[in-house]
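A.B. asks: Have a look at the structure that comes next, please.
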Amino acid sequence: MPTIQEIRSIHDLPIPELLFRAATAHRTHWNPNEIQFCTLDSIQTGACPEDCAYCPQSSHHGTGLKPEPLKEKERVLEGARKAKAAGSTRYCMGASWREVRDGEPFEQVLDIVRDVAAMDMEVCVTLGMLTEEQAKRLKEAGCTVYNHNIDSSREFYETIISTRKFDDRLRTIKAVRAAGLEVCSGGIVGMGEKVEDRIHFLHELTLMNPPPESIPINQLVSVEGTPLEGVEPPPPLEFIRMIATARILFPESRIRLSAGRSAMSTEMQTLAFFAGANSLFTGEKLLTTPNPGDSHDHQLLELLGMDIEGAKR
Ligand code: SAM
Ligand code: DTB
Ligand code: SF4
C-alpha cells in the first residue's frame, strides 16, 4: 500500500512525467482510445434528509428543486432504452434516500433493477446507506454495481456533512463488497478542500481491498441555494492531477470523469482522457443539473478519433 507521502509525491510530479506515467498505466489494462458511456437517472429526487453541503437535493438547502416521488418503472425503462441506443452500456439510478428501508419503495426499485438488467445493460444504483442483506437482494435482482462515494478526506468530509459519519460510508461500502456487488466509490474535487485532503481521499481508496472497480471523480457543480454556492472550480490542471494520480494508483479500475463536464473545455476533457479517465456520464442531465448531452459527446469522441466502449461500428 502506498503511504500518504508516496501518493503526494506522485500527485506533485512534473506534469509531463505525471501524464506519461498515468498514460502508461492506462495502456496496461485498457484500450486508451475507448470510453465507457454511462447514463444517470434520478429515480427519486429531492427532499433528502441529509445535509451534504454540495447537494441540491438536500432538504436543508433552499435550492428550489421540486421533489419527485419514485418514478414509474415504464418511464425508467424508456430512459434506459434511449441511453442504450445512444451507446450507454451502464445505467445508473439514484435516489435521494438517506438509507434503504425494507418495504414497498425498495421492492419497486428491485423490480426496476430486474427489468433494466434484462435489457442487457450493466445496472448501478445509488440509494444511500444499506445493509449486506439489502445489497444481496440487489445483486439477486441483477444489479452489478453499487455507487457510494467517500467524497473527500475523512477530515474534510465531516465539515461538509453533519448528518452522517465517514465511517457510515465505509460500513456501507463493506456491506456492498460482502454481498458480491462491484463497488463504485469516488469523490468531489473543488469543494474548498486542500490538496492534502485530496491526497487523503485517494489514500482512503487505496485502503480498500480490493479497491473500487470504478472511481468517479466529480468536479463540484456549484448550485445556488447550497452552502457551496459560488465556490469557484480549482485550476483545471489540479483536477487533471487527480485523474492521473487515481489512474496510477488504480490501474485496473475505471476512472470516471463525472460531474462538472459542462464547465470543462474540450481540451480539459481531452487531457483527462489522456491522463486515464475512461468513462463518463452522457445525457442532458446528471441527476438534477445539466450535462453536455449525447450529441456533444458523440461529436467529442468523433473529434478525438475515439470510440464508445462496447459500441458496434
Ligand atoms: N443519496 C445517495 C448518496 O448520497 O450516496 C446517492 C445520490 S448522491 C446525489 C451521489 C453522489 O453525487 C454524491 O456522493 C456526490 O459525490 C455526488 N454529487 C452530489 N451533488 C453534487 C454536486 N453538486 N457536484 C458534484 N457531485 C455531486
Ligand atoms: C457520482 O459520483 N456522480 C453522480 C453519480 N455518482 C450518482 C452524481 C452527480 C450529481 C451531480 C449533481 C446533480 O446533478 O444533482
Ligand atoms: Fe441526500 Fe445523497 Fe444529496 Fe447527500 S448527496 S443530500 S445523501 S441525495
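A.B. asks: Give me the percent of accessible area attributable to carbon and sulfur for the chain, probe 1.4 angstrom.
C.D. replies: On the chain, the fraction of accessible area on carbon and sulfur atoms equals 52 percent.
A.B. asks: Rounded to the nearest 0.05, what FRET efficiency is calculated for Ser162 and Thr206 with R0 set to 22 Å and r the Cβ-Cβ distance?
C.D. replies: With R0 = 22 Å, the Cβ-Cβ based efficiency is 0.25.
A.B. asks: Further, regarding this structure: Place a +1 charge on the Cβ of each Lys and Arg in segment 4-308 and a -1 charge on the Cβ of each Asp and Glu, then give the dipole magnitude about the Cα centre in debye, rounded to the nearest 20.
C.D. replies: 340
A.B. asks: In whole Hz and in residue order, list the ³J(HN,Hα) couplings for segment 104-117 that follow from phi through the Karplus curve 6.51 cos²θ - 1.76 cosθ + 1.60, θ = phi - 60°; x for Gly and Pro.
C.D. replies: The phi angles translate into 4, x, 5, 4, 5, 5, 4, 5, 5, 4, 4, 6, 5, 4 Hz.
A.B. asks: Quick check for you: with a 1.4 Å probe and neighbouring chains kept, what is the accessible area per residue of the chain, in Å²?
C.D. replies: Heavy-atom SASA per residue in the chain reads 44 Å².
A.B. asks: Moving to a separate point now. Please report the antiparallel percentage of the DSSP beta bridges confined to the chain, to the nearest 5.
C.D. replies: Given both bridge residues lie in the chain, the antiparallel proportion sits at roughly 5 percent.
A.B. asks: Moving on to the next point. Where the centre of each part is set by its Cα atoms, how far does segment 17-74 sit from segment 215-270, in angstrom?
C.D. replies: Comparing the Cα centres of segment 17-74 and segment 215-270, I get a distance of 11 Å.
A.B. asks: Pulled fully out, how much extra length does the chain show between Ala311 and Glu6, if you take 0.36 nm times their separation in residues and subtract their Cα-Cα distance?
C.D. replies: 106.0 nm
A.B. asks: Considering amide H positions built from the backbone, and no H for Pro or chain starts, which residues 5 or more places from Val189, or on another chain, come under 5 Å of its amide H?
C.D. replies: Under 5 Å from the amide H of Val189 lie the amide H atoms of Asn218, Gln219, Leu220, each far enough along the sequence or on another chain.
A.B. asks: Apply the Karplus curve 6.51 cos²θ - 1.76 cosθ + 1.60, θ = phi - 60°, to the phi angles in segment 132-137 and return the couplings in whole Hz, x for Gly and Pro.
C.D. replies: So the Karplus estimates, Gly and Pro as x, are 4, 4, 5, 5, 5, 5 Hz.
A.B. asks: Right, another one. Roughly what would the spin-label model give for Glu155 and Glu196, points 7 Å off Cα along C-beta, in nm?
C.D. replies: Computed distance between label sites Glu155 and Glu196 equals 0.4 nm.
A.B. asks: Along the Cα-to-Cβ line of Asn31, 7 Å from the Cα, sits a label point; which residues in segment 282-313 have backbone N less than 12 Å from it?
C.D. replies: 306-313, by backbone N distance to the label point.
A.B. asks: Residues with amide H under 5 Å of Glu50's amide H, sequence separation 5 or more or different chain, H placed in the peptide plane at 1.01 Å from N; which?
C.D. replies: Ser59
A.B. asks: Just the projected area, averaged over all directions, of the convex hull on the alpha carbon atoms of the chain: how many nm²?
C.D. replies: Answer in nm², one decimal: 14.5.
A.B. asks: Just checking the chain: which Cys have no other cysteine's beta-carbon under 4.7 Å?
C.D. replies: Cysteines of the chain left without a disulfide-compatible partner: Cys38, Cys48, Cys143, Cys184.
A.B. asks: Then there is this: Which lysines does Lys84 reach when only Cα atoms under 28 Å apart count, and residues fewer than 8 places away in its own chain are ignored?
C.D. replies: Output for Lys84: Lys66, Lys71, Lys73, Lys136, Lys139, Lys285, Lys312.
A.B. asks: Follow-up question, since we're still on this one. Give or take rounding to whole Å, what are the principal axis extents of the alpha carbon atoms in segment 153-237, in descending order?
C.D. replies: Computed over the Cα atoms, the extents are 40, 31, 20 Å.
A.B. asks: Using alpha carbon coordinates only, what is the Rg to Rh ratio of segment 71-121, with Rh defined as the Kirkwood radius?
C.D. replies: For segment 71-121, the value is 0.99.
A.B. asks: If you take all C-alpha pairs in segment 187-313, what percent of them are over 19 Å apart?
C.D. replies: More than 19 Å apart: 50 percent of the Cα pairs in segment 187-313.
The values are calculated or read from the model by the stated rules, or taken from the named source; none is laboratory data. Model, not experiment: these values are computed from the prediction. Methodologically, a virtual Cβ is constructed for each residue, glycine included, from the backbone with ideal geometry; neighbour enumeration extends over all protein chains shown. What goes into the accessible areas is simple: the full protein's heavy atoms, side chains included, and nothing from ligands, DNA or RNA. Shrake-Rupley method; radii C 1.70, N 1.55, O 1.52, S 1.80 Å.
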